[in-house]
Amino acid sequence: MDNEEPYISAVGANLTPNADQLKLLRNVALGEVAADLIIENVRVLSLATEEILHRKVAIANGFIAAIAPVDHPFCAVEHFDGADCFLAPGFIDTHIHIEYSLLTPGEFARCVLPRGTTCVLADPNCVGNVLGVRGMEWAGKTTTPLKILQQISHRIPRAPGLELGGATLAEAEQLEFLDSAEAVGVGESVPFGFDDRAARFQAAALSMGKRCTGHSARVADELLWAYAATGVSDDHNAVHIDEVLDRLRLGQMVTVMSGSMNDNLPLTFAEPELLKGAYRNFSFCADDKHVGDLVKSGHIDHHVRSAIANGVPILEAYRMASYNPACFYRLDHVIGQIAPARRADLLLIPELEKVEPAAVWVDGIQVAHREQGVSEALFQNEDVVPEWLYNTMHLSPSFGETMLRVQAPTAMSGEVAVVRAMEMYDGYFKRAFEVELPVGEGNVLADAEIDVAKISIVDRHHATETASSGFVRGFNLKKGALAATTNCENQNLVILGTNDADMALAGETLATFGGGYVAVAEGKVLAYLKLPLAGIMSDESWEHVLQKSDEVNIAAASLGCEMEAPFMILAFVGLAGVPDLGLTERGLIDAASQQFVPVVVCCRCPQHIHDLSK
C-alpha cells in the first residue's frame, strides 16, 4: 500500500506522519539531519505532566522532532529565539458553526489564527441545510493554515415532519461523511426523541471510535440519563455547577461555551474548588460567535483568559484549550500537545494570563504575529468561492404582509386575544408564557408597549407560501423590523417586527441581496449586511463584515433593541430543539413533545370567555 495513503479513516489519519516523515523525524532527533526550524529558549508547557520546562524545540517537515534541553546542540536551517517566552500547543475549538461568524472558512482563519486557534471541530449544519452535501464539503476545506475537522450533522432537516427546510441529507450521505478521517464524530443531537435513524447513526459513530456530541438543552434527571444512554458523551449547554457535575458524573466532557449570545465561563467556574478532580474533562467552544465578538473579545484565547481569571489553575486552563479536547476526540497523537511526531502547531506567549500569542506556527510555519499590540495573520485568504454558493434566496412571488398575519378567532376589531408566546433568556433559551394582545381587522397584533413583537419564519428555499408567525418578548423593539436569513437550523427567512408593513419590507430587501441582515423602520431601510453566500456568509473580508455588522447592530439599537447580539439571538428564536417553544415555517412547536401547538390560545369575546378557565 502507498505509504502516503492512510490505512483507515480513523480520526486524524489525514494529519499523521507517513513512513518517510517518521524516518526524518528520528534522524533529526538523533542529530543526523538538520531540522527545518529550532525554536530556542522557550518555556514549554508540558500539559501531560503539568510542568513548565526550559527547552528548545526541533521541527522538521511540519512535525515536532524533539524537545531538548536548551544547551543541546541541534543543526537547523532556521533558528527562532523565543526570548524566554512560553510555548503552548495551538488551541482547539471543539464545537463551532463557522457560518455564524458570517465569514467564509478562509476569512474565519484570518480572524482567529492570530489569536491562537489552530484547529476547529466544525459542524457544517448551517450551509448543509441550504446546499446539502456540496455545501458541507466546501465548508470543511480551506487553503489557509487552519485545520478544519468536522462534526457531521445529526439530520438535515432536523425534523422533517415539523419543517419544510432547505436541502436534505440522505442517511447514506451522512454515513459516508462520518466514515472519513476529517470527521471527528456526530454533530450535536438534541434530547427530544431518538428514532431508528438516529440510533443507527450514533451506533455507527461509536463503532468507528468517534464521538457523539451533544446539545442537552439543560435537561435533567431521566431525560438527561436517557440522553447519555444513547452514546452522547459531551455537552456544551451545561452552565451552573449542578448541571456541570451531573454531566461529569455521567462520564461526559463538559464543553464550556462562550459565544455571541452567552458566556458560560463565569458561571461554570464560579466554584472552581468543586471541580478540581474533573478539570481534565473540560474543553472550550464558541459554538455561534459573530465576527465582531471574535475580534473584540477573542476566540479560545478568551476562554483561557476567563478560566484563569475565575480561578482555574493556569496549566489546567491551557489543557482545556488543547490537550483535553485532543485526548477526548482521539487526536492527541497528532495535535494538542508539544511532543514528538505531533504537528508543530505552536503558540509563543509572553504572559500566560494575558493569552496574547506573539507568534503562531502551524505545521512549523509562522502564520501570525503580534506587534505593537496588534495581532495579524501572515497569510492571505486565497480560497475560491464557487458560483453555486450564490443566489440561494427563493421567496414566493406572493410574499408580503398577508403571509405574516396571525388570524384571531374573531374578525371583530378592538378585541384582545390570548396567545402562547416565547420569552428569551440566557441567550437562545425560551420561556413559554401567555399574554393578551390586541386584535385589529381580524388579526392579532404585536404590542411594543409590553415588549411583545411578532416573529415570522418564511420559506426562502423553495419559493412556496409556507410561513408561520408567533410572538416573542425580550428584544424591546419599539418600532420597525429586523430580519435575517440565518435562521437556525434550516436557515429560512426570520423577521421580527412591530408591524407587518415594515416586516414585509425587511424580507423583500433581503431577497434583493440574496440574504443577510437588515433593519427597517417606517418604510425605510436603515442598515444592512449582505450575506450572499448561501444567504448566511459574506464574500468580503472579515474587516468589512465587522464594519457592516456594527452598522446594522447600531440600527437595531436605534429601534430599541439593545441586545449585544440581536441578529444572532433572532436566528435562534425558532429553534425547536431548545425549550420551551420553537417556530418553523410550518408552525409553533412545543420543544419537549416535538408537536405543533396553536399560537392563539383564546380570545376575550363572549363566545370564547370560558376558555380562560382551561
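The values are calculated or read from the model by the stated rules, or taken from the named source; none is laboratory data. Computed from a prediction, not measured in an experiment: that's the story for all the values here. Positions of Cβ are generated from backbone atoms using ideal geometry, with glycine treated the same way; all protein chains shown enter the neighbour counts.
Taking segment 263-368 and the strands (runs of 3 or more DSSP E) fully enclosed by it, the elements with 1 or more residues that are within 21 Å of the chain's Cα centre (by Cα) are at 282-285.
Scanning segment 386-424 for residues that are of a type in the set (Gly, Ala, Ser) and surrounded by fewer than 21 Cβ atoms within 10 Å (Cβ to Cβ) gives Ser396, Ser398, Gly400, Ala411, Ser413, Gly414. Of the residues in segment 236-244, none is surrounded by 13 or more Cβ atoms within 10 Å (Cβ to Cβ) and within 25 Å of Glu176 (Cα to Cα). Candidates Arg134, Arg110: the one that is of a type in the set (Lys, Arg), out of contact with any Gly (no Cβ under 8 Å at 6 or more places or on another chain) and closer than 19 Å to Trp542 by Cα is Arg110.
For segment 266-287, does any single residue satisfy the condition of being surrounded by fewer than 24 Cβ atoms within 10 Å (Cβ to Cβ), touching a Cys at 6+ places or on another chain (Cβ under 9 Å) and more than 30 Å from Glu540 (Cα to Cα)? Looking through segment 266-287, at least one residue is surrounded by fewer than 24 Cβ atoms within 10 Å (Cβ to Cβ), touching a Cys at 6+ places or on another chain (Cβ under 9 Å) and more than 30 Å from Glu540 (Cα to Cα). When Ala204, Ala172, Ala181 are screened for being assigned to a loop (DSSP other than H, G, I, E, B) and under 25 Å from Ala13 (Cα atoms), only Ala181 passes. The criterion of at least 2 residues that are of a type in the set (A, V, I, L, M, F, W, C) and more than 19 Å from the chain's Cα centre (by Cα) is met, among helices (runs of 4 or more DSSP H) falling completely within segment 464-573, by 500-513, 542-558. Taking the condition modelled with pLDDT of 95 or more and farther than 15 Å from Leu250 by Cα, does Glu173 pass? Yes.
Quick one: which of Thr509, Thr464, Thr498 is over 21 Å from Gly166 (Cβ atoms) and either of a type outside the set (Gly, Ala, Ser) or at pLDDT below 95 (or both)?
It is Thr498.
In the set (1) assigned to a loop (DSSP other than H, G, I, E, B); (2) exposed (fewer than 15 other Cβ atoms within 10 Å of the Cβ), Gly427 fails one condition alone, (2).
Give me the residue from segment 520-533 that is within 13 Å of Ala501 (Cα to Cα) and in contact with a helix residue (DSSP H, G or I) (Cβ under 8 Å, 6 or more places away or on another chain) and, out of that set, surrounded by the most Cβ atoms within 10 Å (Cβ to Cβ). Outline the logic, then answer.
Filtering segment 520-533 for residues within 13 Å of Ala501 (Cα to Cα) gives 520-525.
Going one step further and asking which of them are in contact with a helix residue (DSSP H, G or I) (Cβ under 8 Å, 6 or more places away or on another chain), we end up with 520-523, 525.
On the way: Val520: 28, Ala521: 22, Glu522: 11, Gly523: 9, Val525: 15.
Within segment 520-533, the match that is surrounded by the most Cβ atoms within 10 Å (Cβ to Cβ) is Val520.
Checking each residue in segment 12-56 for being polar (S, T, N, Q) and either in contact with a helix residue (DSSP H, G or I) (Cβ under 6 Å, 6 or more places away or on another chain) or at pLDDT 95 or above (or both) picks out Thr16, Asn18, Gln21, Asn27, Asn41, Ser46, Thr49.
Of the listed requirements (1) part of a strand (DSSP E or B); (2) under 24 Å from Arg370 (Cα atoms); (3) more than 34 Å from the chain's Cα centre (by Cα), Asp84 misses just one: (1).
Output the residue which, of all residues in segment 58-81 that are in a strand (DSSP E or B) and not aliphatic (A, V, I, L, M), is farthest from Ala29 (Cα to Cα). Give the derivation first.
Filtering segment 58-81 down to residues in a strand (DSSP E or B) leaves 58-60, 63-69, 76-81.
Keeping just the survivors that are not aliphatic (A, V, I, L, M) gives 63, 69, 78-81.
Details: Phe63: 12, Pro69: 12, Glu78: 16, His79: 16, Phe80: 18, Asp81: 19 Å.
So, considering only residues that are in a strand (DSSP E or B) and not aliphatic (A, V, I, L, M), the one farthest from Ala29 (Cα to Cα) is Asp81.
Every condition in (1) within 23 Å of Gly12 (Cβ to Cβ); (2) β-branched (Val, Ile, Thr); (3) crowded, with 23+ Cβ neighbours inside 10 Å is met by Val334 except one, and the failing one is (3).
Remark: pairs (first residue in segment 207-232, more than 27 Å from Ser9 (Cα to Cα); second residue of a type in the set (Asp, Glu) and part of a helix (DSSP H, G or I); Cβ separation under 8 Å; 6+ apart in sequence or on different chains) = Arg218/Glu243; Ala220/Glu243; Ala220/Asp246; Leu224/Asp246.
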